1. Is there any pair linking a residue in region 459-487 that is assigned to a helix (DSSP H, G or I) and hydrophobic (A, V, I, L, M, F, W, C) to one that is at pLDDT 95 or above and buried (at least 21 other Cβ atoms within 10 Å of the Cβ), with Cβ under 7 Å and at least six apart or on different chains, and which?
2. Pairs only if they're at least six apart or on different chains, beta carbon under 6 angstrom, first in region 130-157 and loosely packed, with under 14 Cβ neighbours inside 10 Å, second part of a loop (DSSP other than H, G, I, E, B) and modelled with pLDDT of 90 or more; list them, first residue then second.
3. List the residue pairs whose Cβ atoms are under 6 Å apart, where the first residue sits in region 168-188 and is assigned by TED's automatic domain parsing to the domain that holds residue 39 and within 28 Å of residue 467 (Cβ to Cβ), the second is among the hydrophobic types (A, V, I, L, M, F, W, C) and surrounded by fewer than 24 Cβ atoms within 10 Å (Cβ to Cβ), and the two are 6 or more positions apart or on different chains.
4. Determine, yes or no, whether residue 77 is farther than 16 Å from residue 166 by Cβ and either assigned to a strand (DSSP E or B) or at pLDDT 85 or above (or both).
5. State all residues of region 216-233 that are surrounded by 22 or more Cβ atoms within 10 Å (Cβ to Cβ) and among the aromatic types (Phe, Trp, Tyr); if no residue qualifies, say none.
6. Filter region 166-180 down to the residues that are part of a strand (DSSP E or B) and modelled with pLDDT under 90 and list them by number.
7. Somewhere in region 215-228, is a residue at pLDDT below 90, of a type outside the set (Gly, Ala, Ser), closer than 20 Å to residue 11 by Cβ and assigned to a strand (DSSP E or B)?
8. For region 231-268, give me each residue that is over 26 Å from residue 25 (Cβ atoms) and in contact (Cβ under 8 Å) with a residue 60 or more places away in the chain.
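The values are calculated or read from the model by the stated rules, or taken from the named source; none is laboratory data. The structure presented is a predicted model; accordingly, all values stated were derived computationally and were not measured. Here the Cβ positions follow ideal geometry from the backbone for every residue, glycine too, while neighbour counts run over all protein chains shown.
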Amino acid sequence: MSAATPAEAPFLQLRGIRKNYGGVHALRGVDMSISLGEAYHLLGENGCGKSTVIKVMSGAIEPSDGEIILDGDRYRALTPIQALSAGIETVYQDLSLIPNLSVAENVALSEQLVMAKGKLARLFNRTRLHETASRALAAVELPTTRAFLSAIVSDLPLAQRQLVAIARAIATNAKLVIMDEPTTSLTRREVEKLITVVNRLRADNVAVLFVTHKLDECYRIGGQAIIFRDGECVAQGKLEDYSKSEISELMTGRKIDAIRYRSGAPGNDLLFETKALSGKGFENVNLSLHKGEILGITGLADSGRNELAYAISGVVPAQSGTMMMEGKALAVHRTADSIRHGIGYVPEDRLDEGLFLEKSILDNEIALVVAKLASRFGIINGKKGRALAEDLSAQMRLNTKDIDMPVGSLSGGNQQRVLIGRWLSITPKLLVLHGPTVGVDVGSKDTIYRAIQALAEAGMALIIVSDDLPELMQNCDRTLVMFGGRVVKNFDASQASEDSLYQAMTAAEPEVIE
C-alpha cells in the first residue's frame, strides 16, 4: 500500500482491473471511478461482469491484475475487513443475512466486526447493537420495537429481509453503499422508501452504487450510469445523457426497442376457470382463461396475488371454491396434482425454489419427467433425456450448447430460461409464471418475452404474476389487479397503463369484482 492522490480524486477508482477464471475473462481491464455524494447505476446483461466487479470492490475476490485506489491509497487487492473499515458496505443479491440470528444482530454485525478488526468476542456489545440497529431500521422505515429487533431473520417475509439487509449496509458510517438488485423483492411503496433513503445518504455525502436492470427506477434516482458489456466498462457518464434505447444498445451491442410483444389474440375456447376460489390471503376469486391467452395478475405484496398463484399451482392448496380445466373440476392438493392436470408453475425465487444449482442443465431440464424417461426397471433412457434437454434449451435460446454445464455457472437470465424450459417438459396446458424476469437483464427479458408469445401462439394459456407493470402491458391480453385478497379490477390490454394499474393497486376503497 502507498499513499498518493490529489484531494480532488474520487473516493474509489479501478484501473485496468482484470479477473480471469481459467480461460474465462470475467473482467477485461475495467476502468471506473466513484465519488462521494453521488448515485451510480451499474448496468449490463447478466454475465457481463457486474457481480464480479462489486466483489472486487468489497474485497470478496482478488483481481488477477490492475490497481484499486481507495481514499487516496493504492492496493493490488482489498480484503473484506479493509473494505469495511474504509466504509464500503455491500448488499448482495442473496442478501447474505445470517438466518438464525436476530434482526438487530444482523444489522449491527458489520459495525462490530470492524470495531473488532474481524475478530469478534464471544458476545456482542448488546447496548451498542440495539442502538445501532434501531437507528438503521428507522432510516428504512422498519419497526424498531423490541419484538422486531429480536425477531429471527429467517421468519421474516422476503421484502422485509431485503430492507433489513439495506439497513445493515447503512448502519455504520459508510462512505460507499453497494446494492445488488435492491428492489427485486420490494413493492412500489417500499421502493419509494428506498429512494428516500438514497437521497438522504447522498445528502450526507455517501456514494450509492446500484446493480440493477430497472431503468425507470434509475431515472427517478438520477446520478451516473456505468455500463458494462462482456467484462468491460463501455461507458460512464450522467444518466440523463443516455436514453433507454441507447443504454440497451450499449449493454447488448444491438438495438432493442421498448415494444409491445403481444401481437396475437387469444382463442375462443375456454380452458381454465376458478369460481369463488378462496384460501389463505385471498377470497372469492373468479377468473377465466382461454386457450392462447396471456393473463396478468398484479397487486401489492400483501394483495393475495402470490397466494392465488400458489393455489392454482398446488403449492399451497385453496381452502374452498372450484378450479376447472376444460369444463372438468380439478382436485389440486399439491403440485403433483396440478402437473397431472396440465398446470406448470415457474416460481419467483429460482435459486431457492426452482433450480438444482450444482446439477447440470440436462438434469434440471428433465427433472419433472424422469419417471417417463425410465424403463420399467427404473433405468433412464439417457439418449431421450439428452434429446429433450437439447430441444428445450434450443426453444428457450439458451446461450450455451453444453447442457452438461452446472446451472450454477450460468448467468441469471440463462438460469431463468432453464427453469422455464423444465416446466415446458411436461407440455402444460396452462403455465403460471411468477415473476418471470426478476433479476434478468434486458437481453434475456427480450428472449423470454418472445418465448412467452410463441407459447401463446401455439395455444398454451399463460398467467404472469408480476409487479413489473411494463412487463404486464407488453405481454398480456388482460390484467387482473388484486387488493386485500380480492380481484378489484380487470383491464383489457387497450385500457392498461402504468398509472391506471398502479391506481387500482393502491386504491383506498377499491371496487371489488364478484
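1. Final answer for the pair search is 472/296; 472/464; 472/479.
2. 138/144
3. Listed pairs, sorted by first residue: none to list.
4. yes
5. Listed by number, the list holds a single entry, 228.
6. First, the residues of region 166-180 that are part of a strand (DSSP E or B): 176-180.
179, 180 - these are the residues of region 166-180 that are part of a strand (DSSP E or B) and modelled with pLDDT under 90.
7. No - not one qualifying residue is present in region 215-228.
8. First, pick out the residues of region 231-268 that are over 26 Å from residue 25 (Cβ atoms): 238-241, 243-245, 257-268.
Once the filter is applied, which keeps residues that are over 26 Å from residue 25 (Cβ atoms) and in contact (Cβ under 8 Å) with a residue 60 or more places away in the chain, region 231-268 yields 239, 258, 259, 260, 261, 262, 263, 264, 265, 266, 267.
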